[in-house]
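Read the structure below first, then the notes.
The values are calculated or read from the model by the stated rules, or taken from the named source; none is laboratory data. What you are looking at is a predicted structure, and each value in this text was computed from that prediction instead of being measured. All Cβ positions, glycine included, derive from the backbone under ideal geometry; neighbour counts span all protein chains shown.
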Amino acid sequence: QSRYCGRRGGTRAAVHREAVLCPGTGDRPSVTLITLLHGTSSYAWSGLGTVGGGEVQGQQYTKKQCYVRALEIDPQCSYAWSGLGTVGGGEVQGQPYTAKQCYVRALEIDPQNSHAWQPS
């Protein structure tokens, strides 16, 4: 069964659909509202990373910071691991990961994660 950021059986499409339906700011969609409502949701943090990061409660977060935050909340979030891979990897809970290691980790968690199989 797929495992996308705290939603068993969720899909990548659901992540994007919820992000796109949030009010837009400038030229990109915003999931800031979702993140504020669910501040401890790895799903929301991954979604915010997907749209390029953003401001949450007055603090600006980069894509990488969003994916790392998602993984601090849920280290089994396959989608956040593949997202972290797209930004070149990073440090999660004190451990550095290369982009390749992030993709491998994503596939270990969810072999059906198409983002990890075909990184952008």
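Could you give me the residue pairs with C-beta distances under 7 Å whose first residue belongs to region 97-120 and is β-branched (V, I, T), whose second residue is at pLDDT 90 or above wherever it lies, and which are 6+ apart or on separate chains?
Going by the 7 Å Cβ cut-off, the qualifying pairs are T98/G89; I109/Q76; I109/S78; I109/W81.
Can you tell me which of Q101, Q65 is more than 21 Å from T40 (Cβ to Cβ), at pLDDT 95 or above, of a type in the set (S, T, N, Q) and surrounded by 15 or more Cβ atoms within 10 Å (Cβ to Cβ)? Don't jump to the end; show me each part of the working.
On the way: Q65 fails: more than 21 Å from T40 (Cβ to Cβ).
Criteria check complete, one pass: Q101.
Check whether at least one residue in region 23-30 is modelled with pLDDT under 90, in a helix (DSSP H, G or I) and among the polar types (S, T, N, Q), and report yes or no.
Within region 23-30, none of the residues are modelled with pLDDT under 90, in a helix (DSSP H, G or I) and among the polar types (S, T, N, Q).
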